[in-house]
Amino acid sequence: MMKALEGVRVIDLTQAYSGPFCTMHLADHGAEVIKIERPGMGDQTRDWGPTKNDCSAYYAFLNRNKKSLELDLGSQEGKDILFKLVKDADVVCENFKVGTMDKLGVGYEELKKVNPKIIYASISGFGLTGPLSKLPAYDIVAQAMSGLMSITGFEESGPTKVGPSIGDNYSGAYLTIGILMALYHREKTGEGQRLDVAMMDTLYSVLENAIVKYTVGGFVPGQEGNADPSITPFDSFQAKDGLIVLGVGTNGLWAKLCKAMGREDLINNPLYENNIKRGDNYLPGLKNEIEAFTKTKTKAELEELMVGSGIPFGQILNVGEVSEHPQTKAREMLVEVDHPVIGKMRIQGVPIKLHNTPGSVDMPAPLLGQHNEEILAKLGYSKESISELKDKGVI
Ligand SMILES: CC(C)(COP(=O)(O)OP(=O)(O)OC[C@H]1O[C@@H](n2cnc3c(N)ncnc32)[C@H](O)[C@@H]1OP(=O)(O)O)[C@@H](O)C(=O)NCCC(=O)NCCS
């Protein structure tokens, strides 16, 4: 079946998580993604756990549907091969430190000479401009520097990182969006361009109403645990046998919750009559009122009651439970691939569901240099010249 990005060619110089997360989405939707890796060592995630048969499952879930070409960009022959690839490509992606691509002699200005229509898409910790631009970063640095850690967790836990590396996820997703915007612009005008996503900007941009609390409300927000900064009640609550969550964002849902708890008296209580009042009077009053009820029921009893009443409700599932959940199965969010070294493995499915041109996981992640011969042969290199490049360590 045809995929949305068929015909788009991406030269993928990304590494670690943020950049590869972007090119994973492009590859899932049919772009040809050629991943350039350092000869003999490859992407740093090839060393990241968990591993099976000495092979990284981390690399394997993230780089499905891509091809791997080893290329020493420190050598002139390596650069020449990159230039040949870029000539026929639509997009170049990279997430080195700012300046590394220029130092290698393969930065935007060089690649634009080879292909003026190229879309050159970068992720960095802090962006191409500003006093921090040249500094290296991983997700935890971006979570710390963006303000995210200061508003996550509970007061007693101290500043807390969000579990997975969402600074990488969001910047990878923004890069994907930016690439699609740039492709659309190029479609209309023929013009390529540079695209610059910073992990710090990215996480700052998703701090939701924390920013207007500061700029409009005039105070610096802190940690609010599991409660939502703008909707009340929207939190985890104690049941007889563990925690559950409820999200009650409107007065209509509030009335439903009060009825479900047998507390119609609370519906028109002036302390709780609208969202703002419920927020102002949440701790300890309203939370105690709700928990006085939820503590008398098991999680399963609450699920039946709340779901039956149309109230947004969730059990707090662990990774095993969500992976085996019928909803995850129905949405095909866990798919099986047959990896040549790891064997059959289950990995995340495709979350962007295009109904006429669905994305899919068709190929396992490549072994290091698995597509060296295929890609170089297409560029016109003979068997002999390919083995010469191998001997010289260019590939
Ligand atoms: C991830 C990061 C911290 C790693 O830092 P680093 O290893 O010090 O620096 P770089 O990734 O820029 O460069 C790695 C080196 O490999 C070299 N290299 C990488 N690919 C190469 C190739 N194919 N051929 C030859 N050399 C290569 C680079 O030239 C550089 O060499 P140098 O150390 O002599 O300058 C950094 O790349 C970074 O901040 N990236 C932007 C933010 C980001 O995406 N972070 C990761 C989120 S998961």
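In this structure, the residue pairs whose Cα-Cα separation is over 25 Å, taken from K67/K392; K297/K329; K213/K287, are K297/K329.
Return the FRET efficiency for the residue pair S230, L135: r is the Cβ-Cβ distance, R0 is 30 Å, and the value is rounded to the nearest 0.05.
On the way: r = 33 Å, r/R0 = 1.10.
After rounding to 0.05, the efficiency reads 0.35.
Under 17 Å from a point placed 7 Å out from the Cα of H185 along the Cα-to-Cβ direction: which residues of the stretch 84-112 have their backbone N that close? Flagged as within label range: 90-94, 108-109, 112. When the GluC sites (Glu not before Pro) in the stretch 326-395 are filtered for DSSP coil states and for at most 12 other beta-carbon atoms within 10 Å of their beta-carbon, no site remains.
Label zone of T250 (point 7 Å out along Cα→Cβ, amide N under 20 Å): in the stretch 293-325 this covers 306-314. Here the Debye sum runs over all C-alpha atoms of the stretch 22-106 as equal scatterers in vacuum, and log10 of I(q)/I(0) at q = 0.16, 0.19, 0.20 Å⁻¹ comes out as -0.71, -0.98, -1.07. Relative to the dominant Cα principal axis of the chain, helix 299-308 is inclined by about 90°. Within the stretch 68-174, the chymotrypsin sites (Phe, Trp or Tyr not before Pro) that combine a DSSP coil assignment with at most 12 other C-beta atoms in a 10 angstrom radius are F154.
Take the Cα of K87, step 7 Å toward its Cβ, do the same at S385, and the gap between the two points is 1.0 nm. Measuring how big the stretch 239-395 is from its alpha-carbon positions, Rg and Dmax come out at 27.3, 85 Å.
Looking only at the chain, where both bridge partners belong to it, what percent of the DSSP beta bridges are antiparallel (to the nearest 5)? Spell out each step's value before the answer.
Numbers: 17 of 39 bridges.
Of all bridge pairs located within the chain, approximately 45 percent are antiparallel.
A straight chain from E336 to V216 at 0.36 nm per residue would run longer than the Cα-Cα distance by 38.3 nm.
Order these by the 10 Å Cβ neighbour count, fewest first: H29, H325, H371. Display every interim value, and only then the final one.
Numbers: H29 22, H325 15, H371 18.
Ordered by Cβ neighbours within 10 Å, fewest first: H325, H371, H29.
Extension gain for the segment D362 to I267, taken as residue separation times 0.36 nm less the Cα-Cα distance, is 28.9 nm to one decimal. The amide H of Q370, built 1.01 Å from its N in the peptide plane, has S68 as neighbours under 5 Å, considering only residues 5 or more places off or on other chains. Pairwise Cα separations in the stretch 25-184 fall into 5 Å bins from 0 onward with the following percentages, short to long: 2, 7, 13, 19, 19, 18, 11, 6, 3, 1, 1, 0.
Using alpha carbon coordinates only, what is the Rg to Rh ratio of the stretch 234-316, with Rh defined as the Kirkwood radius? The partial results should precede the final answer.
On the way: Rg = 11.7 Å, Rh = 12.6 Å.
Dividing the radius of gyration by the Kirkwood radius yields 0.93.
Over all distinct Cα-Cα pairs of the chain, the Kirkwood formula returns a hydrodynamic radius of 23.9 Å. Placing a label point 7 Å from the Cα of E156 along the Cα-to-Cβ direction, the residues of the stretch 194-229 with a backbone N closer than 15 Å are 224-226. Taking 25 Å as R0, compute the FRET efficiency from the Cβ-Cβ separation of Q315 and S205 and round it to 0.05. After rounding, the FRET efficiency stands at 0.20. Computed from Cα positions, the angle between helix 76-87 and the longest principal axis of the chain comes to roughly 60 degrees.
Coordinate-derived values only; no laboratory data. Since the model is a prediction, treat every value here as computed from it, not as a measurement. Because the Cβ atoms are built from the backbone with ideal geometry, glycine has one as well, and the counts that use them run over all protein chains shown.
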